[in-house]
1. Checking the conditions here, which among B:Thr312, B:Thr345 is buried (at least 24 other Cβ atoms within 10 Å of the Cβ), outside any helix (DSSP H, G or I) and more than 9 Å from chain A (Cβ to nearest Cβ)?
2. Within 14 Å of chain A (Cβ to nearest Cβ), of a type outside the set (Asp, Glu) and within 15 Å of the chain's Cα centre (by Cα) - does that describe any residue in region B:61-69?
3. Here are the criteria: (1) outside any loop (DSSP other than H, G, I, E, B); (2) touching a residue at least 60 places away in the same chain (Cβ under 8 Å); (3) β-branched (Val, Ile, Thr). Tell me which single one B:Ile70 does not satisfy.
4. Take region B:178-202 and flag every residue that is surrounded by fewer than 21 Cβ atoms within 10 Å (Cβ to Cβ) and acidic (Asp, Glu).
5. So which residues in region B:315-337 are crowded, with 22+ Cβ neighbours inside 10 Å and within 18 Å of B:Ile123 (Cβ to Cβ), if there are any at all?
6. Which condition does B:Phe112 not pass, out of (1) surrounded by fewer than 18 Cβ atoms within 10 Å (Cβ to Cβ); (2) assigned to a helix (DSSP H, G or I), if it passes all the others?
7. Is it true that some residue in region B:123-135 is farther than 20 Å from B:Val181 by Cα, assigned to a helix (DSSP H, G or I) and under 18 Å from the mean Cα position of the chain (by Cα)?
8. Could you identify the single residue in B:Val248, B:Val240 that is away from chain A (no Cβ under 14 Å), surrounded by 15 or more Cβ atoms within 10 Å (Cβ to Cβ) and under 25 Å from the mean Cα position of the chain (by Cα)?
Amino acid sequence: MKKDVRSEDLKRIADEIGADAFGRLTTAFEVSEPEMAAGLRRGGGPGWNCTGASFTCGTYECTGVVGCVGAFGCTVKFTGLTV
Amino acid sequence: MEPLGIAPMPGNGLPPGIGDAVVALMLANDPDPPTLERKIAEQLGIPIVDARLIVYQIVESFNARLFPPITHLELIHTEGCNLGCSYCFEKDMLGYRRMPLDVARAAVDLLFNYSRGQPDLAIVHFGGEPTLNMRSVRFVTEYAEQRAAESKQTLEFDMTSNGVLLTEETVDYFAAHNIKVLLSVDGLEESHDLYRKDKKGRGTFTRVMEGLTLLKRRQPWIGVKMTVMPECAASLFDAVRGLYDLGVNQFIIGYATGIAWPHEAMETYAAEMGRIYAWYRAHPRNDLRFADFDKPAEGSFYGCQAGKISVTVTVDGEVSPCAKVLAVNKRELLGKLGDVTYGLTHIKNRRDLVTCTRLKAAVSARGIADEFQGGCFASNYEANGDLFNPNLQDHLFSVLERQHCAGCASHR
């Protein structure tokens, strides 16, 4: 018979499985993708970017481009403009 | 908390093989989360729906440790469009499917779950023509507002529309919910009507201007996205001035991709951009803005926000890097990132988009890394059948624009 599992239990199981798998993934990457492995060991975050600049895409945020949506890869961000 | 009753296992206490199965999922080129879900359900003796939640959470935690938060969500509310623009980059994608509300809800949940508490989130209502599925637009807007209020995050809404179907009611709704509408307008009537036609082949400029007038009553700041075709390049400056006179405040201008441009037309386009920039700088106005011209030259980088901090959800809940990447290949979801059921399971694809390692290598191999940073993934695919193989026409455009237009310094 299937057990009813509460969300707290699901979270705990997911955390346990995730932690175990994360260690295995890092090990697996050591040889094949050392850059990825280094990122994993750092815990991700700002190491993952395209140019060495911050991943926050600050250029986009402060210049009014929101997302990669149109024919040219961007659309307008209106917030902060003087209307 | 009541224990689950799962028998302790040797080692880390988990049933054997699950950790390896998760790793296999993460390393797969085409991940198969249902298989992992079944394995977890069987080994832990739990319902499949609970196993699905576990997979979702594991995948979410991996993304959290590997990549930036997702803060921008673009929704394909419908594949339908009321127009039949001959150059439309989505024309191979367009159909009649609409986003069901359960998919819309899951897409919003994905944004909030993957945002990791980032304070500023954005949702773009897109299509097809998004106003053809106002039911979904309204649902997403109001559900996301509710979630943002609960999590104390701020939320912006944008919409890209052809403007033809705007009504008093929809415009009022957009204003009430602060949805900023960006209109697709390619120039003045002659240029616009060359390509932006309805399904009967009739030009749409007059109807778009009626929509613009209606919209401006409730949204005073009007932005337009202009797609420039080669035969319209020479009239670009006049088009911008004319549209400004008609009430447009903000312009996003771009040459049409997916077509071969004659070199002379490329030169003309770049020169017209230079004229626009000179006019913009010579007569500063508080009711006019070109975001591209105000972008600093330094700080540009490979790739774009697609897959990094922004994702696009299709009508059936698959997750793509962006609408244009989604549209360039109808048979295969390029750069697929996952779906709203299991989350962003395609770690390898997201890694390629976030790191741009392949793109950087390809640009360097062509000896153009000092002047070009890889362009648009979708445009690259259109030219070379590879998201990470730079489109050399885009490279030439970027060089010409910077030669002719001092404000185009960031075009790399």
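Only the coordinates and a few stated rules stand behind these numbers; no lab work does. Note that the structure is predicted; figures quoted are calculated from it, not measured. FYI the Cβ positions are ideal-geometry reconstructions off the backbone, even for glycines, and counts take in every protein chain you see.
1. Values: B:Thr312 fails: more than 9 Å from chain A (Cβ to nearest Cβ).
Criteria check complete, one pass: B:Thr345.
2. Let us first name the residues in region B:61-69 that are within 14 Å of chain A (Cβ to nearest Cβ), namely B:61-69.
Narrowing further to those that are of a type outside the set (Asp, Glu): B:61-69.
This time we only want the ones that are within 15 Å of the chain's Cα centre (by Cα), so: none.
No, every residue in region B:61-69 fails to be within 14 Å of chain A (Cβ to nearest Cβ), of a type outside the set (Asp, Glu) and within 15 Å of the chain's Cα centre (by Cα).
3. Failing condition for B:Ile70: (1).
4. Once the filter is applied, which keeps residues that are surrounded by fewer than 21 Cβ atoms within 10 Å (Cβ to Cβ) and acidic (Asp, Glu), region B:178-202 yields B:Glu189, B:Glu190, B:Asp193, B:Asp198.
5. B:Val315, B:Val319, B:Ser320, B:Pro321, B:Cys322, B:Ala323, B:Lys324, B:Leu326, B:Leu337
6. Looking at each condition in turn, B:Phe112 falls short on (1).
7. Of the residues in region B:123-135, the ones farther than 20 Å from B:Val181 by Cα are none.
Looking through region B:123-135, none of the residues is farther than 20 Å from B:Val181 by Cα, assigned to a helix (DSSP H, G or I) and under 18 Å from the mean Cα position of the chain (by Cα).
8. Details: B:Val248 fails: away from chain A (no Cβ under 14 Å).
Every option except B:Val240 fails the conditions.
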